[in-house]
Amino acid sequence: MSGDLERYLVVGPRVGLRPFTSGDAGEFTARAEESVALHRPWLFPPRTAEAYAAYAGALIEDPARAGFLVCEREEGGRIAGFLTINNIVHGAFRSGALGYGAFAHAAGRGLMGEALGLLLGYAFGPMGLHRLEANIQPGNAPSRALVRRAGFRLEGFSPAMLFIDGAWRDHERWAITDPCG
Ligand SMILES: CC(C)(COP(=O)(O)OP(=O)(O)OC[C@H]1O[C@@H](n2cnc3c(N)ncnc32)[C@H](O)[C@@H]1OP(=O)(O)O)[C@@H](O)C(=O)NCCC(=O)NCCS
């Protein structure tokens, strides 16, 4: 499997992370369509080519954002999920806000946990960040479990923090700082 290394920014035993591209629209939107039951009511990733173009375009072009496709190495790079970092601020903050979703076929297999571990190394290494936060609705148990396993700590509670699915939703603020400095 070492032949796939050049495709990825960073690799683990089972997954590799690579940037979003415009060419991923078809696979991404098909997987998102299959994953509506998994994602609702927490997440609304693009399910049309137009919506993907706007979403991926911002991740690719906006220096305050970064997006990573989680690809299954043994499955020819099939997209298992995605991770995003928004609100990237440099200077004294060096921080960003994390988002993520698994796709239905890949959920519950430990692939997102592996991917998040890889992303932390990449964010605190080559990207030069110091802190990542994940804002999670209190009822989203799988998401809370994912970040807790990755070493995030619960920092606080933010009432009516984000407008999601037609209403302002309370969020828990989970965060991790670079353990190496
Ligand atoms: C949150 C989300 C990304 C988690 O993804 P996931 O695929 O369930 O994550 P993982 O597979 O890494 O971990 C889930 C389980 O698989 C287990 N697992 C299975 N096989 C494993 C393996 N080989 N290695 C490690 N863990 C494994 C993990 O231990 C974990 O079990 P637990 O929850 O009972 O402790 C997913 O539920 C999702 O997409 N939710 C909807 C979108 C969403 O809420 N996004 C975040 C908004 S804040």
Can you give me the number of residues within segment 163-181 that are closer than 28 Å to Leu118 by Cα and in contact with a Leu (Cβ under 7 Å, 6 or more places away or on another chain)? 5
Only one of Ala56, Ala115 is near the ligand (Cβ under 10 Å from one of its atoms) and surrounded by 20 or more Cβ atoms within 10 Å (Cβ to Cβ); which? Ala115
Among (1) assigned to a strand (DSSP E or B); (2) of a type in the set (Val, Ile, Thr); (3) exposed (fewer than 15 other Cβ atoms within 10 Å of the Cβ) - the single one Ile88 does not satisfy: (3)
Could you check Asn135 against (1) open to solvent by 30 Å² or more (accessible area, probe 1.4 Å); (2) polar (S, T, N, Q); (3) assigned to a helix (DSSP H, G or I) and say which number it fails? (3)
Regarding segment 149-162, can at least one residue be identified that is within 17 Å of Gly117 (Cβ to Cβ) and of a type in the set (D, E, K, R)? yes
Pick from Pro126, Pro142, Pro159: which is under 26 Å from Gly16 (Cβ atoms), open to solvent by 60 Å² or more (accessible area, probe 1.4 Å) and away from the ligand (no atom under 16 Å from the Cβ)? Pro126
Whichever residue in segment 102-112 is of a type in the set (Gly, Ala, Ser) and surrounded by fewer than 20 Cβ atoms within 10 Å (Cβ to Cβ) and, among such residues, is farthest from the ligand (Cβ to nearest atom): Ala104
When you check Ala32 against the structure, is it in a helix (DSSP H, G or I) and more than 15 Å from the chain's Cα centre (by Cα), yes or no? no
Inter-residue pairs, beta-carbon under 8 Å, first within 11 Å of Cys71 (Cβ to Cβ) and in segment 2-21, second exposed (fewer than 12 other Cβ atoms within 10 Å of the Cβ) and acidic (Asp, Glu), 6+ apart: Arg14/Glu74
Go through segment 35-53 and report how many residues are surrounded by 15 or more Cβ atoms within 10 Å (Cβ to Cβ), not hydrophobic (A, V, I, L, M, F, W, C) and not in a helix (DSSP H, G or I). 4
Being surrounded by 15 or more Cβ atoms within 10 Å (Cβ to Cβ), outside any loop (DSSP other than H, G, I, E, B) and of a type in the set (D, E, K, R) is the filter; apply it to segment 59-77 and report the residue that is nearest to the chain's Cα centre (by Cα). Glu72
Kindly check whether there is at least one residue in segment 115-132 that is closer than 15 Å to Gly67 by Cα and assigned to a strand (DSSP E or B). yes
Answer residue from segment 61-101, given it is within 18 Å of Leu132 (Cβ to Cβ) and in contact (Cβ under 8 Å) with a residue 60 or more places away in the chain and is nearest to the ligand (Cβ to nearest atom) among those: Gly101
Taking segment 1-33 as the region of interest, how many residues are within 16 Å of the ligand (Cβ to nearest atom) and exposed (fewer than 13 other Cβ atoms within 10 Å of the Cβ)? 1
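The values are calculated or read from the model by the stated rules, or taken from the named source; none is laboratory data. Treat the numbers as computed from the prediction; the structure is a model and nothing was measured. Every residue, glycine among them, receives a Cβ derived from its backbone with ideal geometry; neighbour counts consider all protein chains shown. Just so you know, the surface numbers come from the protein's heavy atoms only, side chains and all, with ligands and any DNA or RNA stripped out. Shrake-Rupley method; radii C 1.70, N 1.55, O 1.52, S 1.80 Å.
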